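One structure below.
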Amino acid sequence: MPAKNLVIVESPAKAKTISKFVGKDFVVKASMGHIRDLPKSKLGVAVDQKFEPTYIVSPDKKKIIKELSAVIGQNTKLWIATDEDREGEAIGWHLLEALKIQENGSVGRIVFHEITKPAILNALEHPRKIDHHLVDAQQARRILDRLVGYELSPLLWKKVRYGLSAGRVQSVAVRLV
């Protein structure tokens with residue numbers, strides 16, 4: 001059954017606490033972190049097309065997307081309440097993309113720095129839009145990690161030890177630049 005208001009946070013514990021503050025017109029659900037990512041089995045970045053990433057819904061998150069979709073109706077107000085950092089902002093953007101929802105008047109991005117009733121209610125009174133600068137920053141970091149890590153990890157496997165990952169490279173890349 002569609003909810004009047006759907007608040008999406010990152011963790012189930014946060015969802016449980018917030019649901020106590022917002023009342024019966026709200027359903028609070030957890031995304032369990034990132035919903036979409038670059039595919040694991042290939043590069044997932046079109047280097048020759050302005051480094052355009054190809055995102056897929058993670059297989060273990062398809063059930064969450066289905067559950068969220070089930071409570072979103074034509075008149076549901078969606079509140080994205082992920083963390084206020086570039087990862088949280090990107091999670092919110094990925095949620096909208098995966099749920100095929102346009103960011104418009106029915107979507108509000110809310111942030112709070114403490115999980116108290118006054119903080120949550122204040123956030124609901126002062127929504128904003130997704131900060132696409134933060135989303136772009138997260139995407140740039142993720143793409144950089146993938147480009148360097150995807151090419152460098154196999155070299156580490158041959159030269160050092162199998163299973164090592166070049167992984168997060170942003171700090172090293174920034175120092176090089």
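The values are calculated or read from the model by the stated rules, or taken from the named source; none is laboratory data. Here the structure is a predicted model, which is why all the values come from computation and not from measurement. Using ideal geometry, Cβ is built from the backbone for each residue, glycine included, and neighbour counts are taken over all protein chains shown. Note: accessible area is taken over every heavy atom of the protein model, side chains too, but ligands, DNA and RNA are not part of it. Shrake-Rupley method; radii C 1.70, N 1.55, O 1.52, S 1.80 Å.
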>> Averaging the inverse of every distinct alpha carbon separation and then flipping it gives the Kirkwood radius. What is it for the chain, in angstrom units?
In response: 17.7
> Measuring from a point 7 Å past the Cα of GLU97 along Cα-to-C-beta, which residues in the range 111-151 have an amide N at less than 17 Å?
Replying inline: 130-147
>> At 7 Å along Cα-to-Cβ for each site, give me the label-to-label distance between HIS133 and LYS24 in nm.
In response: 4.3
> Of all DSSP beta bridges located in the chain, what percent are antiparallel, nearest 5?
Replying inline: 30
> Within straight cross-link reach of LYS158, meaning Cα distance under 22 Å, which lysines are found once same-chain residues fewer than 8 apart are removed?
Replying inline: LYS40, LYS42
> With every protein chain left in place, what is the accessible area of TRP79 in Å² (1.4 Å probe, nearest 10)?
Replying inline: 20
> Counting only heavy atoms of protein chains, what accessible area per residue, in Å², does the chain have with a probe of 1.4 Å?
Replying inline: 61
>> Rolling a 1.4 angstrom probe over the protein chains, ignoring ligands and nucleic acids, what is the accessible area of GLU151 in square angstrom, nearest 10?
In response: 120
> Over the chain, what relative contact order in percent results from Cα pairs under 8 Å that are six or more residues apart?
Replying inline: 21
> Which lysines, on any chain, are close to LYS20 with Cα under 26 Å apart, when same-chain ones fewer than 8 places away are left out?
Replying inline: LYS4, LYS29, LYS61, LYS63, LYS66, LYS77, LYS117, LYS129
>> 7 Å from Cα along Cα→Cβ at both VAL57 and ASN104: what's the point-to-point distance in nm?
In response: 2.1
> Under DSSP H, which helices of the chain have Cα atoms covering 30 Å or more of the helix axis and a Kyte-Doolittle average no less than -0.5?
Replying inline: 132-159
